[in-house]
Amino acid sequence: MIEETTRGQAARELYEMATGQPLDERDAASVEFMLKVATDGRWISQTLMLGGARPVVLDVRVLAGLFLFDERVVWSALDGRGVVEAFQRLRALVEGAETLRSRVQRVSATNGAQRIEVEGGGSLRFVPRSSRSAGRGLVADCVVAVGPVGGVGTLKPMLAGAPNPQLILDAP
């Protein structure tokens, strides 16, 4: 049996500090499950299939990856519209909290190249799956794919170079 712990509490506290709002019990339980690690620090679930998670759950995971775990995170939606919506929502969360905003090194809002980079090496890139080459050459520690799962196979190579990768699929 693998001993487990979670990084969920730290992730929840970061989100609550940034927004001033606590997670409800259901969302908190989802975050705890998503962020369970073995005693060696590796994710218990390297691939997670969620069924229509609330955006706040994914936002907590992404912010934790960016600010707590110094991960290279890729957010992928089926099309450009989904990418833009996610970028705008997460950018607003980061810019709305002084403690997060002060760690941001660079924000790019260029269409097709949206990203947020922070001190410590964490980065968040937004990639549409509608373009076969959109994520080509990227390396990620965590990939969050939302919407219909079409084109998800193009995201897996991004995780090949990560020592402790996590793929989160959220399809309705």
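Exactly one of (1) without any contact (Cβ under 8 Å) to a residue 40 or more places away in the chain; (2) assigned to a strand (DSSP E or B) is unmet by LEU48. Its number?
Single failed check for LEU48: (1).
Take VAL84 and tell me if it is touching a strand residue (DSSP E or B) at 6+ places or on another chain (Cβ under 6 Å) and β-branched (Val, Ile, Thr).
no
Just one of (1) under 29 Å from GLY41 (Cα atoms); (2) polar (S, T, N, Q); (3) modelled with pLDDT of 95 or more trips up GLN88, so point out which.
(1)
Within segment 134-155, can you find the residues that are surrounded by 14 or more Cβ atoms within 10 Å (Cβ to Cβ) and among the charged types (D, E, K, R)?
ASP141
Among (1) among the basic types (Lys, Arg); (2) farther than 26 Å from PRO172 by Cβ; (3) in contact with a strand residue (DSSP E or B) (Cβ under 8 Å, 6 or more places away or on another chain), where does ARG101 come up short?
Looking at each condition in turn, ARG101 falls short on (3).
Of the residues ALA113, ALA171, which is surrounded by fewer than 16 Cβ atoms within 10 Å (Cβ to Cβ), more than 30 Å from THR39 (Cβ to Cβ), at pLDDT below 90 and among the aliphatic types (A, V, I, L, M)?
Only one candidate passes the filter, namely ALA113.
Checking ASP40 against (1) closer than 16 Å to ALA64 by Cβ; (2) not in a strand (DSSP E or B): exactly one of these is not met. Which one?
For ASP40, the exception is condition (1).
The values are calculated or read from the model by the stated rules, or taken from the named source; none is laboratory data. Bear in mind the structure is a predicted one, so any value in this text is a computation, not a measurement. As a convention, Cβ positions derive from the backbone with ideal geometry for all residues, glycine included, and neighbour counts pool all protein chains shown.
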